[in-house]
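The values are calculated or read from the model by the stated rules, or taken from the named source; none is laboratory data. Everything numeric here is computed off the predicted structure, so don't read it as measured data. In this analysis, Cβ positions are derived from the backbone assuming ideal geometry, glycine residues included, and neighbour counts consider all displayed protein chains. Side chains included, ligands, DNA and RNA excluded: accessible areas come from the protein's heavy atoms. Shrake-Rupley method; radii C 1.70, N 1.55, O 1.52, S 1.80 Å.
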Amino acid sequence: MKRILALSAFLALGACGQPAEKPAEAAPGTVTVADAWCRPTPKGAKVGGCYVTLTAGSDDRLLSVSTALAESAQIHEMTMENGVMSMGEMKDGLPLPAGQKVELKPGSTHVMLMGLRDPLVDGGVASFTLTFEKAPAIGVHAAIKQPPVVDSEE
């Protein structure tokens, strides 16, 4: 019994001060997907936005998005020019530098679903496929949910 207690204490002390495990990194030639979600749409809406964080193991490019949920899906970016915000397709795709998280998020780069066949309903799941220049295509199942509320009071 003393031996078990001593071993337990040794293991517990050995873990103290150790850094937390680092999140898994993408291996070369692959892309990892995290935090995929889509915003719910009002009934009758024909467009919707989806967001995801991508990390490529080696330099790559997100080329396209496909889904059965809509007539088409595009990689969009929002830009501000002369005080006017505009949004448009990234026809050459989205660069994914090796080892860097690339966050598609509201008000920035995102996936735009156009010609929605049905509304995106809170609590549901939206499925789409991401196609890359080098890495294999990835099927994504994104939660449909309200965006997090940002508290501006500090």
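A few notes on this one:
- Only listed residue being part of a strand (DSSP E or B), modelled with pLDDT of 95 or more, surrounded by fewer than 16 Cβ atoms within 10 Å (Cβ to Cβ) and of a type in the set (Val, Ile, Thr), chosen from Thr79, Thr131: Thr131
- When residues of region 31-44 are limited to those that are farther than 17 Å from Thr109 by Cβ and open to solvent by less than 30 Å² (accessible area, probe 1.4 Å), the one nearest to the chain's Cα centre (by Cα): Pro40
- Here the condition is being under 19 Å from Ala26 (Cβ atoms) and open to solvent by 30 Å² or more (accessible area, probe 1.4 Å); of Asp92, Asp59, it holds for Asp59 alone.
- Any hit, region 95-112, residues being polar (S, T, N, Q), open to solvent by 60 Å² or more (accessible area, probe 1.4 Å) and closer than 20 Å to Val47 by Cα: no
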